[in-house]
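Structure record follows, encoded as structure tokens.
The values are calculated or read from the model by the stated rules, or taken from the named source; none is laboratory data. Model, not experiment: these values are computed from the prediction. Note that we place each Cβ from the backbone using ideal geometry, even for glycine, and neighbour counts take in every protein chain shown. Remember, those area values only see protein heavy atoms, side chains included, never the ligands or the DNA or RNA. Shrake-Rupley method; radii C 1.70, N 1.55, O 1.52, S 1.80 Å.
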Amino acid sequence: MNSVSPSGVQYMVGAGAHDDRPSAQSRHHNGHGPVPDAIREEPDEVDRLKAKFISAWNNVKYGWTVKSKTTFNKTSPLFLLGQSYLFNSEGDAVSFPDEVERFRQVFVSCVWLTYRREFPQLEGSSLTTDCGWGCMLRSGQMLLAQGLLLHLLPTDWRWLECHPLSDVDFEVLKPRSPSRPAGIAEGHRRTPEQCPAARHDPQVEALHRKVVSWFGDHPSAPFGVHQLVELGKESGKRAGDWYGPSVVAHMLRKAVARTPVFHSLAVYVAQDCTVYKGDVMGLCESPLTQERSESGGTGWKSVIILVPVRLGGESLNPSYIECVKNILKLNCCIGIIGGKPKHSLFFIGFQDDQLLYLDPHYCQPVVDVTQGNFSLESFHCNSPRKMNFSRMDPSCTIGFYAQTKKDFESLCSAALSSSKEKYPIFTFVEGMGQNYGLEGQSAGSMDGPANIFSCNRTSRNNKRGSTDEFVLL
């Protein structure tokens, strides 16, 4: 948990979690035409106090509450995006400050996408904010953003602004609120020269900025809320609805497929907790990549693999915790779209029995990413947060990235070896889904709700046993 900074009180919606629609007065008096005397006479100060009270209430509701600290165990390894960090480095070549610095650089470099307000109105609705309903979309955006950073930027890239974690001592890492940059003292901000892993490359930094702009909150951004809401309509969803992790996985797939600039990247969505290797190979060895191979290219599309799963009934089955940990240890894992019930989070690591995550439940003013020099600071977080595995919602989507064919083959081996339980979370099988009586959902439409089976099943033949659990997301 973290304290609420003055800039953290940003929510501009009603007290209800889904009451984001503007009032009748705000709809009819939005700066156009004369303002009635009754409205003009209400003091601006009263309006500001009302807004602050509502914003503070929503901040409490969404978790940015009393001041506390996130404690990291110095004697246990912390895993973040496949990398391990051990802060008790006595006798090791890496000192404690260097290990904290290495962790900080990777964490702060993750793209952080949160609720925004005052963006252009979503088509077919009066909404100008996703506060209270768009957290799953934001978590999905963060997973895709992580995949794009791996796809487009050097593997050792770090964000040059290098925001420090709040307070670091030899006992704990102690973050404050999910700091917007205004809450960071300029004197404590590190320069690129003070970041040992950072190398200034204007072209790489321009590409980082472009990746962030693709998630901007305006209709032309290919992975922004406006585009995702439009894609959601194909599965019966509307702006303001709750989106499940499986539906979001298919939305991300279609968003990438419809963006011409990503001719070298594909997104595959697993079916029934199963990744069919033949389908992935067919997706990555398309005629376009074969043409590139003949002209001297690699002949292979990089691929983001999304695996929607259900890890229990009403709550997480504890038998899956170790398997989730093993998956988060993999370098090819780009995170998990999940969270608590009706409260989506983006999981990127763990320590002991606690998950490390980025939280989208923090409302910020919209940033105009169409401006060439837009600020990047609100798209990066310097407050790592944790929660116990037992609070994890069983419905989630796991993400992987494979840049080359060899990486995909390594992913198959690594993912299978990470799950040694009798009933694994998911499996990789030879052949194509149609060979098992399944239609190619990963490349087809997503009309209607997505169907997800629990991985607690005893066989993979077409006849489903009575122990199977069928879940509609």
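Couple of notes before you dig in:
- Of all residues making up region 233-249, the number that are in contact with a His (Cβ under 8 Å, 6 or more places away or on another chain) and in a helix (DSSP H, G or I): 1
- Screening region 270-295 for residues that are more than 15 Å from residue 434 (Cβ to Cβ) and within 26 Å of the chain's Cα centre (by Cα) and picking the one that is modelled with the highest pLDDT gives 284.
- Selection of region 349-370 for residues being in a strand (DSSP E or B) and in contact (Cβ under 8 Å) with a residue 60 or more places away in the chain yields 349, 350, 351, 356, 358, 364, 365.
- Positions within region 326-348 being in contact (Cβ under 8 Å) with a residue 60 or more places away in the chain, touching a helix residue (DSSP H, G or I) at 6+ places or on another chain (Cβ under 6 Å) and not hydrophobic (A, V, I, L, M, F, W, C), in sequence order: 335, 344
- Which numbered condition residue 327 fails, given (1) open to solvent by 10 Å² or more (accessible area, probe 1.4 Å); (2) touching a strand residue (DSSP E or B) at 6+ places or on another chain (Cβ under 8 Å); (3) assigned to a helix (DSSP H, G or I): (1)
- Qualifying residue in region 263-280 (condition: among the basic types (Lys, Arg) and in contact with a Cys (Cβ under 9 Å, 6 or more places away or on another chain)): yes
- Any hit, region 167-176, residues being β-branched (Val, Ile, Thr), modelled with pLDDT of 90 or more and either within 20 Å of the chain's Cα centre (by Cα) or on the phi < 0 side of the Ramachandran plot (or both): no
- Residue check for residue 155: open to solvent by less than 10 Å² (accessible area, probe 1.4 Å) and either touching a Phe, Trp or Tyr at 6+ places or on another chain (Cβ under 7 Å) or not in a helix (DSSP H, G or I) (or both): no
- Comparison of 238, 253 shows that the only residue that is modelled with pLDDT of 90 or more, surrounded by fewer than 22 Cβ atoms within 10 Å (Cβ to Cβ) and within 29 Å of residue 369 (Cβ to Cβ) is 238.
- Qualifying positions in region 112-125 - assigned to a loop (DSSP other than H, G, I, E, B) and either in contact with a Ser or Thr (Cβ under 9 Å, 6 or more places away or on another chain) or surrounded by 24 or more Cβ atoms within 10 Å (Cβ to Cβ) (or both): 112, 113, 114, 115, 118, 119, 120, 121, 122
- Evaluation of residue 378 against (1) over 22 Å from residue 210 (Cα atoms); (2) under 17 Å from the mean Cα position of the chain (by Cα); (3) not in a strand (DSSP E or B) (one fails), failing number: (1)
- Long-range neighbours under 8 Å by Cβ, at least six apart or interchain, first residue under 17 Å from residue 366 (Cβ atoms) and part of a helix (DSSP H, G or I) within region 132-150, second of a type in the set (D, E, K, R) and open to solvent by less than 10 Å² (accessible area, probe 1.4 Å): 137/130; 138/130
- Subset tally (residues that are more than 28 Å from residue 149 (Cβ to Cβ) and at pLDDT below 85) for region 387-443: 13
- Looking across region 256-265, the residues that are open to solvent by 10 Å² or more (accessible area, probe 1.4 Å) and either part of a loop (DSSP other than H, G, I, E, B) or in contact with a helix residue (DSSP H, G or I) (Cβ under 8 Å, 6 or more places away or on another chain) (or both) come down to 258, 259, 260, 261, 262, 263, 264.
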